[in-house]
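Reading through the structure tokens given below for one structure.
Read the figures in this text as sums done on the coordinates, not as results from a lab. Everything numeric here is computed off the predicted structure, so don't read it as measured data. Reconstructed Cβ throughout: ideal geometry from the backbone, glycine too, with neighbour counts over all protein chains shown.
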Amino acid sequence: MSLLVASGVTKRFGGLVAVNNASMTVEQGEIVGLIGPNGAGKTTLFNLISGFLVPDEGDVRFDRKSVVGMPPHQICHLGMSRTFQIVKPFPEMTVLDNVMMGAFKTSRRAGRAREKAREVLDLLEFSDWADRRAGDLPIAGRKRLEIAKVLATEPRLILLDEVMAGLTPTEHKRMIEVVRLIRDSGVTVVIIEHVMPVIMSLSDRVYVLHHGEMIASGAPDDVARNPMVVEAYLGEDMAL
């Protein structure tokens, strides 16, 4: 079943067309990659899908319901959540208390929110950090905390915006495991990423955005061999 369908989405900022007639479909249970050069419009597309921007043209449907014009908190209540490139934890609070902030979306009771937060930390194998001050986390820990806060809202679809950025190769491997754990828990994933070995090994399908336009989509191996993608983004060294 198609959980997310973006159809002909366009966004202009004055004379700049940041996203131009872009379409993508995400099936329930998939991990879908979104790649492209810096400035291609990937985060803008995420903003349009998640309600932080309203498209000038086109439609975005989540679970067959148009979400165009809905504020982000309403879209979150429907079951779609997202992370951001720049992580912003509540630095003076513990990791557990940070995750509880997300859990309050489904429960106003502190006890239930704390229980849900612990469940999420257990899933991400992050429980050992529960009582640590969030501001003391290394970058890999902050990235995982960002994901934990979002998962605590109990989404059906999660949009991950460059959760691998700034991580070491060893941390990449661990984050791949985290993303797969999320999918295996029943959450559909769309991920923006520049680390090509990661995105190609992780994704069921990949979309490629260039100058705001979708120039290719398909299985990772097929996309990596696409001449347009090689020229626009991957380069010959990355082509399969």
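Rounded to two decimals, what ratio of Rg to Rh does region 81-156 give with C-alpha atoms and a Kirkwood Rh? Rounded to two decimals, Rg/Rh equals 0.92.
Counting only residues at least eight positions apart within a chain, or on another chain, the aspartates and glutamates with an alpha carbon under 15 Å from that of Lys173 are Glu125, Glu162, Glu193. Measuring between their Cα centroids, region 213-229 and region 138-180 lie 25 Å from each other. The helix-only estimate of mean residue ellipticity at 222 nm for the chain, built from DSSP H runs of length n ≥ 4 each weighted as -39500 (n - 2.57), is -10000 deg cm²/dmol after division by the residue total.
Split the chain at each of the trypsin sites (Lys or Arg not before Pro) in a DSSP loop with at most 12 other beta carbon atoms within 10 Å, and the longest piece is 110-240.
For a Förster distance of 30 Å, can you work out the FRET efficiency between the beta-carbons of Arg61 and Arg225, rounded to the nearest 0.05?
The formula returns an efficiency of 0.45 here.
Counting only DSSP beta bridges whose two residues both lie in the chain, roughly 55 percent are antiparallel. Note on Arg156 and Arg112: the extension gain reaches 13.9 nm, defined as 0.36 nm multiplied by sequence separation minus the Cα-Cα distance. Listed from fewest to most Cβ neighbours within 10 Å, the set Ser81, Ser201 follows the order Ser201, Ser81. Counting only lysines at least 8 places from Lys149 when in the same chain, those with an alpha carbon closer than 17 Å to its own are Lys88, Lys105, Lys116. With a cut-off of 10 Å between beta carbons, the residues surrounding Pro55 carry a summed charge of -1, where Lys and Arg count +1 and Asp and Glu -1.
A full extension of the chain between Met1 and Lys173 corresponds to an added length of 59.0 nm, given 0.36 nm per residue minus the alpha carbon distance. Placing +1 on each Lys and Arg Cβ and -1 on each Asp and Glu Cβ, with no other charges, gives the chain a dipole about its Cα centre of roughly 940 debye. Taking the inverse of the mean 1/r over every pair of distinct Cα atoms in the chain gives a Kirkwood hydrodynamic radius of 18.3 Å. Site pair Asp131 and Ser185 shows an inter-label distance of 2.3 nm when each label is modelled 7 Å from Cα along Cα→Cβ.
In terms of surrounding Cβ atoms within a 10 Å radius of their Cβ, Leu16, Leu3 rank from fewest to most as Leu16, Leu3.
Mean projected area of the convex hull spanned by the Cα atoms of region 39-143, taken over all viewing directions: 8.2 nm². Here Lys11 is the anchor, and the lysines within straight C-alpha reach of less than 18 Å, apart from those fewer than 8 places off in the same chain, are Lys42.
Considering every pair of different Cα atoms, what Kirkwood radius, in Å, is found for region 1-87? Let's see the in-between values first.
Numbers: mean 1/r = 0.0751 Å⁻¹.
Roughly 13.3 Å, rounded to one decimal.
Every Cα-Cα pair of region 108-240 was included, and the share exceeding 24 Å stands at 37 percent.
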